[in-house]
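This report concerns only the one structure given below.
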Amino acid sequence: MKNSGKLKGKTLFITGASRGIGKAIALKAARDGANIVIAAKTAEPHPKLPGTIYTAAEEIERAGGRALPCIVDVRDERQVQKAVEAAVAKFGGIDIVVNNASAISITGTLDTEMKRYDLMQNINARGTFLVSKTCLPYLLRSENPHILNLAPPLNLSPKWFANHTAYTIAKYGMSMCVLGMAEEFRAQGVAVNALWPRTTIHTAAVEMLSGSEGALYSRKPEIMADAAYAIFCRDSKEYTGQFFVDDEVLRDVGVKDFAGYACHPENIYLLATDIFLDEAGPSAKL
């Protein structure tokens with residue numbers, strides 16, 4: 001999907017943007033000449049995961065954007081507030097918030113330690129609420145403000161709770177922020193939406209959890225970046241409270257060939273449907 005230039009000069013506050021889907025979204029917007037606040041914890045190189053807020057900033061600026069790397073743990077209210085203040089001081093405001101930071105533990109009840117439960121709740125649900133709340137006073141001044149949570153549709157089928165109740169509760173907390181905030185700020189024109197991938201997305205973090213073989217059946221982060229970009233280019237007053245799926249968004253803007261998004265295009269008919277989605281849908285195989 002080609003860039004249109006519509007995000008030139010816009011400021012995006014993206015949590016977890018030092019790598020993976022968050023960085024892919026940042027780079028897509030940077031190609032328009034957007035300002036990117038990289039709000040993430042990794043300031044020093046991770047022994048197993050590539051990238052820091054500073055290496056991401058270098059990539060963003062090479063892509064044509066302006067970058068502000070900020071050390072942010074979304075559980076820490078003061079760090080969030082400090083990063084938001086720095087963003088406004090440097091760029092003059094905030095137009096788009098991407099709540100991408102997330103913690104995952106696909107474990108059953110008896111195998112989920114309470115510290116892991118608390119981590120998921122505090123990063124996923126509480127962190128999303130905190131970042132959105134802190135940025136909203138500035139979003140309300142923007143011409144086309146968006147909040148995008150990387151969260152699933154609220155699928156209440158028991159099978160999505162049975163094997164990982166704690167994780168589902170935490171991710172659905174992000175989804176419920178969409179429902180509530182979209183309606184709360186509808187009249188003020190702030191779009192609050194969710195985006196979720198049709199198939200599994202292969203990132204370094206996912207590879208560390210599940211192994212490199214996952215790439216055989218997954219798509220690249222760029223499909224999420226392109227879908228997020230398409231959402232940001234929409235009128236915030238007309239599109240809010242939606243639970244978007246990446247390839248559906250791209251179909252709406254005319255994308256017909258999805259093979260290039262697959263890590264292994266020869267396996268396009270073997271792509272794995274992501275969690276919380278009951279059916280692969282037509283575009284997962286194209």
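Key figures for this structure:
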| read-out | value |
| --- | --- |
| Assigned charges on the beta-carbon of Lys, Arg, Asp, Glu; segment 2-70 dipole about Cα centre (debye) | 300 |
| Options Ala225, Ala215, Ala187, ranked by Cα towards positive dipole end of segment 186-243, top entry (Cβ charges) | Ala187 |
| Spatial separation of Cα centroids for segment 76-148 and segment 12-27, in angstrom | 13 |
| Option label - Kirkwood radius over Cα pairs in Å computed here, alternatives [x] 18.8; [y] 19.6; [z] 20.7 | [x] |
| Per residue accessible area in Å² of the chain, where ligands, DNA and RNA are left out and the probe is 1.4 Å | 45 |
| Out-of-range pairs (alpha-carbon distance over 20 Å; input Lys28/Lys171; Lys2/Lys28; Lys115/Lys171) | Lys28/Lys171 |
| For the chain, calculated [θ]222 nm from helices alone, where every DSSP H run of n ≥ 4 adds -39500 (n - 2.57) | -11000 deg cm²/dmol |
| Given charges at beta-carbon only (K, R positive; D, E negative), |dipole| of the chain in Debye | 540 |
| The chain: relative contact order in percent, alpha carbon pairs under 8 Å with at least 6 residues between | 17 |
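The values are calculated or read from the model by the stated rules, or taken from the named source; none is laboratory data. As the structure is a computational prediction, the values presented were derived from the model and not from experiment. Cβ sites come from the backbone with ideal geometry, for glycine too, and all protein chains shown count toward neighbours. Ligands, DNA and RNA are stripped out before the accessible areas are found, and what is left, the full protein with its side chains, is counted by its heavy atoms. Shrake-Rupley method; radii C 1.70, N 1.55, O 1.52, S 1.80 Å.
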